[in-house]
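Contents: one structure, followed by commentary.
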Amino acid sequence: MQIQTVGILSPGDMGQVIASVLNQNGLTTIAALDDRSERTRQLAAAANIQDVGSLTQLVIESDVVLSVLVPAAAAEVANLVAEVISNVGKQILYVDGNAIAPQKVKRIAQLIESSGATFVDASIIGPPPRVPGRTRIYASGKQADELQQLQNYGLDIRVIGDEVGQASGLKMSYAALTKGLTAIGAELLIAAHRLGLDEQLWEEVSSSQPELAAILTRSIPSMTPKAHRWVGEMEEIAETFKEIGLTEWIFYGAADVYRLVKDTSLGKETPEECERDRPLRDIITTLSDEAAPSLLDENG
């Protein structure tokens, strides 16, 4: 199959940048923007994504449908797309690029394939691909080689196997490190602030763990507007680890940290509103002041 048109579900922070790269390199990207928010419409317009209105029209016009959503929406949207595919009877490649557990992506694959479409499991590692070489899209499944066509249109596609679940498993393992570390760092810095020891702790971390200090200085400011999405991602990681006989509680705790952050003024900002040069110390002070006194009130 020659890929010419890619349908984007949905053109948010990641999806609209992927679409922009594909457009700049000669592909057509489309989205179904009926009933979508004004922000989503603006992001789509900025990336030159064509609005085809309905999900049915998106499936009719697409060669590939790329799903990049919040984890909680992945299965529901896949079900809607599967119904449309069954109704229109079109051969299409469905690519699930969501941060979800391997066992969930396997269920989605069965659903999509039962509708008559083909399926690729994909995982996106790195930021939205504005800068070449910083974002990798790993793919697995029997049709994963078809997705490699997008290598010719500006994306770094890496096939790692022919089993659905391999790409998602890699994403879960990697995000457990990166976003798990950010959650731990944010919570311990809030703890030090509440103990009146933030300056002393940061001086020690900067002295004895300069690489870690650099990571937290970079990762926490960019995390706050994304925390609402990362709650679900940490829960997916927890379910992944539980499925293979490891403790899930570390990552449910990380989800609680992001749940705490999302309800603050910083967590309610969009990525466009977030001040990238906001000092880490100011961020921790705000999170400490605005966050609920104890998550145990909800979960203990």
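The values are calculated or read from the model by the stated rules, or taken from the named source; none is laboratory data. Note that the structure is a prediction, hence the values are computed from the model and not measured. Heads up, the Cβs are rebuilt from the backbone with ideal geometry, glycines too, and the neighbour counts pull from every protein chain shown.
Only one of GLY165, GLY154 is closer than 26 Å to ALA255 by Cβ and under 20 Å from the mean Cα position of the chain (by Cα). Can you tell me which?
GLY165
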Out of contact with any helix residue (DSSP H, G or I) (no Cβ under 8 Å at 6 or more places or on another chain), assigned by TED's automatic domain parsing to the domain that holds ASP282, surrounded by 14 or more Cβ atoms within 10 Å (Cβ to Cβ) and not charged (D, E, K, R): is that true of PRO221 in this structure?
no
Can you find a residue in region 192-214 that is within 30 Å of GLN103 (Cβ to Cβ) and surrounded by 13 or more Cβ atoms within 10 Å (Cβ to Cβ)?
no
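Yes or no, residue by residue, for (1) within 20 Å of GLY26 (Cβ to Cβ); (2) touching a residue at least 60 places away in the same chain (Cβ under 8 Å):
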residue	(1), (2)
LEU147	yes, yes
GLN151	yes, no
ARG158	no, no
ASP162	no, no
LYS171	no, yes
Is there a residue in region 263-275 that is outside any loop (DSSP other than H, G, I, E, B), assigned by TED's automatic domain parsing to the domain that holds GLU187 and either surrounded by fewer than 20 Cβ atoms within 10 Å (Cβ to Cβ) or of a type outside the set (Ser, Thr, Tyr) (or both)?
no
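Out of the residues in region 80-93 that are farther than 14 Å from THR5 by Cβ and not polar (S, T, N, Q), which is surrounded by the most Cβ atoms within 10 Å (Cβ to Cβ)? Steps first, answer last, please.
Taking region 80-93 first, the residues farther than 14 Å from THR5 by Cβ are 80-89.
Now restrict to residues that are not polar (S, T, N, Q): 80-85, 88-89.
Details: LEU80: 13, VAL81: 26, ALA82: 21, GLU83: 15, VAL84: 21, ILE85: 21, VAL88: 14, GLY89: 8.
Per the criteria, the residue is VAL81.
Every residue, every condition in (1) buried (at least 23 other Cβ atoms within 10 Å of the Cβ); (2) at pLDDT 95 or above, yes or no:
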residue	(1), (2)
GLU38	no, no
GLN57	no, yes
VAL70	no, no
ALA78	yes, yes
ALA101	yes, yes
LYS106	no, yes
Taking the condition of a type outside the set (Asp, Glu), touching a Phe, Trp or Tyr at 6+ places or on another chain (Cβ under 7 Å), crowded, with 18+ Cβ neighbours inside 10 Å and within 27 Å of ILE215 (Cβ to Cβ), does LEU170 pass?
yes
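Kindly indicate which of ALA122, ALA139, ALA82 is over 26 Å from GLY26 (Cα atoms), in contact (Cβ under 8 Å) with a residue 12 or more places away in the chain and either basic (Lys, Arg) or assigned by TED's automatic domain parsing to the domain that holds LEU9 (or both).
Values: ALA122 fails: over 26 Å from GLY26 (Cα atoms); ALA139 fails: over 26 Å from GLY26 (Cα atoms).
Every option except ALA82 fails the conditions.
So if I check each of ALA191, ALA238, ALA186, which one is part of a helix (DSSP H, G or I), closer than 27 Å to ILE108 by Cα and not assigned by TED's automatic domain parsing to the domain that holds ALA122?
ALA238
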Give ALA214, ALA175 a once-over and let me know the one that is under 15 Å from ARG281 (Cα atoms), of a type in the set (Gly, Ala, Ser) and modelled with pLDDT of 95 or more.
ALA214
Restricting attention to region 90-105, does a residue exist that is more than 20 Å from LEU147 (Cα to Cα), without any contact (Cβ under 8 Å) to a residue 40 or more places away in the chain and of a type outside the set (Ser, Thr, Tyr)?
no
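Scan region 84-116 for residues that are among the hydrophobic types (A, V, I, L, M, F, W, C) and in contact with a Ser or Thr (Cβ under 9 Å, 6 or more places away or on another chain) and jot them down. Break it down into steps so the answer makes sense when it comes.
To start, the set of residues in region 84-116 that are among the hydrophobic types (A, V, I, L, M, F, W, C) comprises 84-85, 88, 92-93, 95, 99-101, 105, 108-109, 111-112.
VAL84, ILE85, VAL88, ILE92, LEU93, VAL95, ALA99, ILE100, ALA101, VAL105, ILE108, ILE112, listed by residue number.
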Which members of region 103-117 meet the condition of being out of contact with any strand residue (DSSP E or B) (no Cβ under 8 Å at 6 or more places or on another chain) and of a type outside the set (Lys, Arg)?
GLN103, GLN110, LEU111, SER114, SER115, GLY116
Does ILE250 fit the bill of being assigned to a helix (DSSP H, G or I) and either loosely packed, with under 15 Cβ neighbours inside 10 Å or touching a Phe, Trp or Tyr at 6+ places or on another chain (Cβ under 6 Å) (or both)?
no
